[in-house]
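Undergrad: To start, I am sharing the structure in question, which I have written as structure tokens.
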Amino acid sequence: EFVADDYRVMVLPQCEALGNAEVAAVRRFVEQGGTVIADIRPALYDGHLKLRDGGGALDDLFGVRHTANVPPETATGVVRGAIGSTHVEVDLPNLLVNPAVTLTRGKALGHAGATPICIIHETGRGRAVLLNFPINAFPNLSVADTAEAGAEFLAALFAEAGVQWPLRLQDETGKRARDVEAVRWKT
């Protein structure tokens, strides 16, 4: 059902339960050069909501290992490093992180205490990015007083995958316009 050739990025928001066919589709997508971005606990459960033995079914794809199924912990995190040619630095207060994630082959660009929170793993012709916190905990980019660093971080993730925004809305000072809904009419 999923035609991977039509896309460069796959986002898996809180996809803690994935069946074997879905896991295989995600793997194929990355092997063929796509970028998958997932948040906390991807494929830790199977398609019948049963906890998988030995961690998440996509752990190796993300370069991590889920060592246990434990409650999340609240921590303040920082993502700092290079995504492609873009240097990013984002402060992320009050995150719910999964402390039972350890690195295997993934590279952590961020930590919340000792817990890795932004893990990037180049694999096959693609890459897998694990944000070890629920994406809804990310700063709200439409709010005027939210630091621009969060938007720059997300733009860098997508740019490294070959995706550019089709347009950029700016205010009169040249800053990114916020809380704007763009509608494109096609007749």
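Undergrad: Which whole-number percent gives the relative contact order of the chain, counting Cα pairs below 8 Å spaced six or more residues apart?
TA: Normalised by residue count, the contact order of the chain is 20 percent.
Undergrad: A follow-up question, please. In the chain, what % of DSSP beta bridges are antiparallel (nearest 5)?
TA: The antiparallel proportion sits near 75 percent.
Undergrad: Moving on to the next point. Between the alpha-carbon centers of the range 146-187 and the range 46-73, tell me the distance in whole angstrom.
TA: Value for the Cα centre distance between the two parts: 33 Å.
Undergrad: What FRET efficiency, computed as 1/(1 + (r/R0)^6) with R0 = 45 Å and r the Cβ-Cβ distance, is obtained for ALA177 and HIS48, rounded to the nearest 0.05?
TA: 0.50
Undergrad: Here's something else I'd like to know. What part of the accessible area of the chain, given as a whole %, is carbon or sulfur when the probe is 1.4 angstrom?
TA: So the carbon and sulfur contribution to the accessible surface is 50 percent.
Undergrad: Sticking with this structure for a sec: Determine the gain in length on full extension of the stretch LYS186-HIS87; use 0.36 nm per residue of separation and subtract their C-alpha separation, reporting nm with one decimal.
TA: In short, 31.9 nm is gained.
Undergrad: Choose one of ALA43, PHE138, ILE117: the residue whose Cα lies farthest towards the positive end of the charge dipole of the range 31-178 (beta-carbon charges +1 Lys, Arg; -1 Asp, Glu; about the Cα centre).
TA: ALA43
Undergrad: Hey, what number do you get for the chain at 222 nm if only DSSP H runs of n ≥ 4 count, each worth -39500 (n - 2.57), divided across all residues, to the nearest 500?
TA: -4500 deg cm²/dmol
Undergrad: How many Å² of accessible area per residue for the chain, probe 1.4 Å?
TA: Per-residue value: 57 Å².
Undergrad: Using a simple charge model, +1 on the beta-carbon of Lys and Arg, -1 on the beta-carbon of Asp and Glu, nothing else, what dipole does the chain show about its Cα centre, in debye to the nearest 20?
TA: So the magnitude is around 320 debye.
Undergrad: In addition: Tell me the accessible surface of ASP53 in square angstrom (1.4 angstrom probe, heavy atoms of protein chains only), to the nearest ten.
TA: Roughly 150 Å² of ASP53 is accessible to a 1.4 Å probe.
Undergrad: Now for a different question. Could you rank the peptides 78-88, 110-120 by their average count of other C-beta atoms within 10 Å per residue, with the highest value first?
TA: The densest-packed peptide leads the list: 110-120, 78-88.
The values are calculated or read from the model by the stated rules, or taken from the named source; none is laboratory data. Treat the numbers as computed from the prediction; the structure is a model and nothing was measured. Because the Cβ atoms are built from the backbone with ideal geometry, glycine has one as well, and the counts that use them run over all protein chains shown. Quick note on the areas: whole protein, heavy atoms, side chains included, nothing else; ligands and nucleic acids left out. Shrake-Rupley method; radii C 1.70, N 1.55, O 1.52, S 1.80 Å.
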